[in-house]
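Engineer: Below is the structure I would like to discuss, written out as structure tokens.
The values are calculated or read from the model by the stated rules, or taken from the named source; none is laboratory data. Everything quoted here is computed from the prediction, not taken from an experiment. When we count neighbours, we look across all protein chains shown, and the Cβ atoms used for this are built from the backbone with ideal geometry, even at glycine.
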Amino acid sequence: MNILVFIKQVADTEARILIKGDNRSLEIENKYNLNFFDEFAVEEAIRLKGKVKDSKISVCTYGGKKAVEALRTAIAMGVDQAYLIDNTDLDTDDPLITAKILAGFAKKEGFDLILCGRQAIDDENGNIGAMVAELLKIPHVTAITKLEVADDKKIIVESDIEGGKETKEVQLPALLTTQKGINEPRVPLITGVMKAMKANIPVVDPASLGLSRELLSRDASKIKILSYETPKGRPAVKMIEGETPEEKVKKLIKLLREEAKVL
Amino acid sequence: MDFTLTEQQEFFKKVIVDTVDKMVAPKAQEIDEKDEFPWELWKEFTSLGYLGLRYPEEIGGMNADKIMCMTFYEEIARGSVGFAQSVIMNILMGTYFIYRFGSDSIKERCLYPAMRGEKIATMCFTEDQSGSDLGATRTTAVKDGNGWRINGTKMWITNGPICDFCTVLATTDPSKGLKGLDFFLVEKGTPGFSSGQILNKLGCRGTVTGELVFDNVWVPEENLLGEELGKGVNYVGDILDEVRLMTGAMALGIAKGAYNEGLEFARKRVAFGQPIGNYQLIREKFADMDTLMNAARLMIYYGAWMLENGMDSRLIAAEAKMFATEVCLKVVDEVTRIYGANAFAYEYTPQRYFRDARFLLYGGGTHEVLKDFIGRSIIGKL
């Protein structure tokens, strides 16, 4: 099985992020990770490879030079090959453009199954997987929590729904996005780390993916970020003192009425 | 001059940071509280293959350069120094002599299993009356048939009470002082070899440290580790710079761990209506700590780079160990001040860093001994 995994390198959840003076760009502390949900996709691909004979996993990201680190992480975990689609000349705010580029890469590379995280934890768009599937005209299931191979043309997936689980049969080729709970991503072995350190990671020019010149032009983006602002700081927590729980509740109700004015 | 890490070194650092954050750091407080060897963590961590860090790929190692080794030592100590000590003992001192001088059969029996974490290694220098003063070593090894008979007691042995084998320093000719010292391999189960008192330590808890007793222990000739009799102290010299730089890197790791906690606290803790990080006196602490840690890191990396390139690193290694440890002591102290009274409570982490830092004063040479060595080397014989 030819498995393709799309990943994204995102700022660490603990990285300091500041809004630059123009209010339209961010200054991010140099702490980046493989996106939380994409780690599940990489892990699931590796597990699948262990079950299905003659499988090959390629991982790909559309990002800057720094993103090579996230690709190497995937190789250290057990992926066979990695590709960087260089976004240096076209860092777009429009997920549809990213999806078209990734779909272009998938067409060129060939695949039986595409896996990616359900969403990136930086922009939280959660639409790349669905858009790529649509562009490639293949079925897709979002946020799967279980994956099993039925035969070489079919897979069975499970996803959470309100109050239960839903099981679906999907024809290959297909695209699936991974949800927390599907697996526990591995910590790389040193042999994987060494392989990753030596791995040659080809840089793919978006222009080589058979996409129109208009799509790759700077004004192709239909979405533009106008500004960023930080959430307002929360007021300090007020501790409610009192001898008994009853007394504390009375005070709380009084405060909710008179100060918070929610009752 | 190029101070950048290569892309490979950066990647390795990222992997080890993530691995320590995921696997080691969350257990640090528990390891310290229980003060028991964390067998489960040992199995989980060593299965990743890091114990072969500095050995060639042909024998299952990683062949990491010295900069990468320092990164590893720093990061694992940042996670838990109690655990780091045991790991580093297997990586460096505990296996160095058998890697260099061990026969094929010794390597099969001891080195390779130790690189896989299946056997626990240690090295024994220190005795109750001698540490940095190796010339005062009282453990003896006397020729007996086709082997050697060892008698003596070693103290302060990291991993000692749980080790599967040890490299023990003994005098083969007490009349020659430093020139009469040699190394011997002693394996668990050898008659007369036992572990004695386990030390109850102020810091680095979780590492089992204690006494090893050699009571008429006989080992075959093969277990004498070295090419020439009486060269033991020279062999110590060959590894000493790396050990000192490693100790400095561990100090930096403890400092970084404490610093990170202090930074988080200073950003969140509110006093007099604003986060304490807004006050100049707290900012000054971070300015000082960051400056000192950067200086220490540069010294350690410089020493590691010299070592990697076969240059004479004796002075820089001693200076880096001493400086980084003093920086560590300063940083852990400042962090306890930033934390205020909370630092005095066992349920918070600053007290752990504060206690752990003390141990690095002694490992790799006390600062009194190091200063004397550095000063003597600079001034020369007058």
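Engineer: What's the total number of residues in region B:93-116 that are within 23 Å of B:Lys154 (Cβ to Cβ) and not in a helix (DSSP H, G or I)?
Structural biologist: Of the residues in region B:93-116, 1 are within 23 Å of B:Lys154 (Cβ to Cβ) and not in a helix (DSSP H, G or I).
Engineer: Give the residue, chosen from A:Leu90, A:Leu48, that is over 17 Å from the mean Cα position of the chain (by Cα) and at pLDDT below 95.
Structural biologist: Result: A:Leu90 is the single residue among A:Leu90, A:Leu48 that is over 17 Å from the mean Cα position of the chain (by Cα) and at pLDDT below 95.
Engineer: Kindly establish whether A:Ile144 is in the same structural domain as A:Asp205 (by TED's automatic domain parsing), crowded, with 16+ Cβ neighbours inside 10 Å, β-branched (Val, Ile, Thr) and over 13 Å from A:Phe40 (Cα atoms).
Structural biologist: So A:Ile144 does not fit the description; no.
Engineer: A further question follows. Quick one: which residue in A:Lys222, A:Lys232, A:Lys238 is out of contact with any Lys or Arg (no Cβ under 9 Å at 6 or more places or on another chain), within 14 Å of chain B (Cβ to nearest Cβ), part of a loop (DSSP other than H, G, I, E, B) and not aliphatic (A, V, I, L, M)?
Structural biologist: Numbers: A:Lys222 fails: within 14 Å of chain B (Cβ to nearest Cβ); A:Lys232 fails: within 14 Å of chain B (Cβ to nearest Cβ).
The unique qualifying residue is A:Lys238.
Engineer: Need the failing condition index for A:Pro139 against (1) free of Cβ contacts under 8 Å to residues at least 60 places away in the same chain; (2) at positive phi, just the number.
Structural biologist: (2)
Engineer: Quick check on B:Val208: is it crowded, with 19+ Cβ neighbours inside 10 Å, among the β-branched types (Val, Ile, Thr) and within 24 Å of the chain's Cα centre (by Cα)?
Structural biologist: Criteria met by B:Val208.
Engineer: Does B:Gly277 count as surrounded by fewer than 20 Cβ atoms within 10 Å (Cβ to Cβ) and assigned to a loop (DSSP other than H, G, I, E, B)?
Structural biologist: Considered against the rule, which asks whether it is surrounded by fewer than 20 Cβ atoms within 10 Å (Cβ to Cβ) and assigned to a loop (DSSP other than H, G, I, E, B), B:Gly277 comes out as no.
Engineer: I need the full set of residues from region B:197-231 which are part of a loop (DSSP other than H, G, I, E, B) and of a type outside the set (Lys, Arg), in order please.
Structural biologist: The answer is B:Leu199, B:Asn200, B:Leu202, B:Gly203, B:Cys204, B:Gly206, B:Val208, B:Gly226, B:Glu227, B:Glu228, B:Leu229, B:Gly230.
Engineer: Restricting to region A:196-215, what's the tally of residues that are part of a helix (DSSP H, G or I), of a type in the set (D, E, K, R) and either away from chain B (no Cβ under 14 Å) or within 21 Å of B:Ile91 (Cβ to Cβ) (or both)? Before the answer, list the steps.
Structural biologist: The initial filter retains those residues of region A:196-215 that are part of a helix (DSSP H, G or I), namely A:196-198, A:206-209.
The next check asks that each one be of a type in the set (D, E, K, R); those that pass are A:198.
Checking the rest, the ones that are also either away from chain B (no Cβ under 14 Å) or within 21 Å of B:Ile91 (Cβ to Cβ) (or both) come to none.
Counting residues in region A:196-215 that are part of a helix (DSSP H, G or I), of a type in the set (D, E, K, R) and either away from chain B (no Cβ under 14 Å) or within 21 Å of B:Ile91 (Cβ to Cβ) (or both) gives 0.
Engineer: Here's another thing I want to ask about it. Please name all residue pairs, on different chains or six or more residues apart, with Cβ atoms under 6 Å, provided the first residue is in region B:259-273 and is assigned by TED's automatic domain parsing to the domain that holds B:Met289 and the second residue is among the small types (Gly, Ala, Ser).
Structural biologist: Going by the 6 Å Cβ cut-off, the qualifying pairs are B:Ala266/B:Gly277; B:Arg267/B:Gly277.
Engineer: If you don't mind, another one. Of these, A:Lys168, A:Lys224, which one is surrounded by 10 or more Cβ atoms within 10 Å (Cβ to Cβ), of a type outside the set (A, V, I, L, M) and free of Cβ contacts under 8 Å to residues at least 60 places away in the same chain? Spell out the reasoning first.
Structural biologist: Numbers: A:Lys224 fails: free of Cβ contacts under 8 Å to residues at least 60 places away in the same chain.
When all the criteria are applied, what remains is A:Lys168.
Engineer: A further question on this structure: What do you reckon, is B:Val87 within 12 Å of chain A (Cβ to nearest Cβ) and closer than 26 Å to B:Asn260 by Cβ?
Structural biologist: Taking the combined requirement at face value, the residue does not satisfy it.
Engineer: Going through region A:67-89 one residue at a time, which ones are of a type in the set (Val, Ile, Thr) and away from chain B (no Cβ under 12 Å)?
Structural biologist: Matches in region A:67-89: A:Val79, A:Ile85, A:Thr88.
Engineer: Which number in (1) closer than 30 Å to A:Gly110 by Cα; (2) hydrophobic (A, V, I, L, M, F, W, C); (3) surrounded by 13 or more Cβ atoms within 10 Å (Cβ to Cβ) marks the one condition that A:Leu255 misses?
Structural biologist: (1)
Engineer: Kindly establish whether B:Tyr362 is more than 19 Å from the chain's Cα centre (by Cα), in a loop (DSSP other than H, G, I, E, B) and in contact (Cβ under 8 Å) with a residue 40 or more places away in the chain.
Structural biologist: Taking the combined requirement at face value, the residue does not satisfy it.
Engineer: Which ranges mark the helices (runs of 4 or more DSSP H) fully within region A:1-112 that have 3 or more residues being within 30 Å of A:Glu214 (Cα to Cα) and touching a residue at least 40 places away in the same chain (Cβ under 8 Å)?
Structural biologist: A:68-77, A:95-109
Engineer: For region A:161-195, which residues satisfy the criterion of being in contact with a Ser or Thr (Cβ under 7 Å, 6 or more places away or on another chain) and within 14 Å of another protein chain (Cβ to nearest Cβ)?
Structural biologist: Across region A:161-195, the qualifying residue is only A:Val187.
Engineer: Right, something else. B:Gly262 is checked against (1) buried (at least 22 other Cβ atoms within 10 Å of the Cβ); (2) within 24 Å of the chain's Cα centre (by Cα) and fails just one. What number does that condition carry?
Structural biologist: (2)
Engineer: Having 2 or more residues that are within 14 Å of another protein chain (Cβ to nearest Cβ) is the bar; report the helices (runs of 4 or more DSSP H) wholly within region B:1-84 that clear it.
Structural biologist: On the way: elements: B:7-19, B:28-34, B:39-46, B:66-79.
Hits in region B:1-84: B:7-19, B:39-46, B:66-79.
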